[in-house]
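**Student:** Dropping a structure here in structure tokens format, bear with me for questions.
Throughout, read-outs are computed from the coordinates displayed, never taken from laboratory work. Note that this is a predicted model, so its numbers are computed, not measured. FYI the Cβ positions are ideal-geometry reconstructions off the backbone, even for glycines, and counts take in every protein chain you see.
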Amino acid sequence: MRRKNQIKKRIIELIELAYNTAKSGNLELAREYVKLAEMYSRKGKVEIPLKYKRMFCRKCYTPLIIGVTERRRMRSKILIRTCLICNWQRRYVLSGNKRSDKENES
């Protein structure tokens, strides 16, 4: 268990380092950090937390920074995230607050 926690911490450190490196302009180095984190995840059989998984492109491993390497668009209740490097797209269905929806029906 202790080893998996160490691997998970290292993965998180690498992804955060990649994000900060990409912000400063070095996309190639940032990609290498993300690839390394992905490799640690596979070899150590540790899942990357969802928050960090959504911080980079699944196709080219570039950290997604709004306006620099990522474009976000809203279409009704769908969020579309597009990588500006490889044009990979991911769609998220946004759901409203269920409690307020029930109150509106009454």
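**Student:** Starting from residues that are polar (S, T, N, Q) and loosely packed, with under 11 Cβ neighbours inside 10 Å, keep the ones in the stretch 1-50 and report whichever is nearest to residue 67 (Cα to Cα).
**Tutor:** Selected residue: 24.
**Student:** Within the group 11, 48, 80, which residue is assigned to a helix (DSSP H, G or I) and at negative phi?
**Tutor:** On the way: 48 fails: assigned to a helix (DSSP H, G or I); 80 fails: assigned to a helix (DSSP H, G or I).
After ruling out the rest, the residue left standing is 11.
**Student:** Which residues, taken from the stretch 30-60, are within 24 Å of residue 2 (Cβ to Cβ) and among the aliphatic types (A, V, I, L, M)?
**Tutor:** Result: 36, 37, 39, 46, 48, 50.
**Student:** Quick check: is even one residue across the stretch 53-60 under 21 Å from residue 12 (Cβ atoms), part of a helix (DSSP H, G or I) and of a type outside the set (Val, Ile, Thr)?
**Tutor:** yes
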